[in-house]
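Working notes, beginning with the structure itself.
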Amino acid sequence: MKAILDRVFIRPDEPKKRALIIEEKEETLSGVVISVGPEVKSIKEGEHVVYFKWDDLKAPNGLVVVRERNLLGVYDE
């Protein structure tokens, strides 16, 4: 799948497994960038990014799509 415009396709990280979940308050998610659109300037494929869970849209094959401006940051690995 190839991203267009300012979109970024991300493969989300697997959620952490917990023995007991009292209340889920995580509002940020992370994942690896799979594809970037031609207007994306600050992110490259293969980078690990953080995004707000309400800014993503579900895409085929378990991917999500986020606009570049909605990304919160990049992990230094």
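Assorted remarks:
- Test: VAL33 is crowded, with 18+ Cβ neighbours inside 10 Å, touching a Phe, Trp or Tyr at 6+ places or on another chain (Cβ under 9 Å) and among the β-branched types (Val, Ile, Thr): yes
- Evaluation of GLU77 against the conditions (1) surrounded by fewer than 13 Cβ atoms within 10 Å (Cβ to Cβ); (2) assigned to a loop (DSSP other than H, G, I, E, B); (3) at pLDDT 85 or above; (4) not β-branched (Val, Ile, Thr) shows that the sole unmet condition is (3).
- Flag if LYS16 is basic (Lys, Arg), surrounded by 11 or more Cβ atoms within 10 Å (Cβ to Cβ) and at pLDDT below 90: no
- The set of residues in region 36-67 being surrounded by fewer than 11 Cβ atoms within 10 Å (Cβ to Cβ) and either in a strand (DSSP E or B) or of a type in the set (A, V, I, L, M) (or both) consists of LEU57, LYS58.
The values are calculated or read from the model by the stated rules, or taken from the named source; none is laboratory data. All of these numbers come straight from a predicted model, not from anything done at the bench. Neighbour counts run over all protein chains shown; Cβ positions are idealised from the backbone, glycine included.
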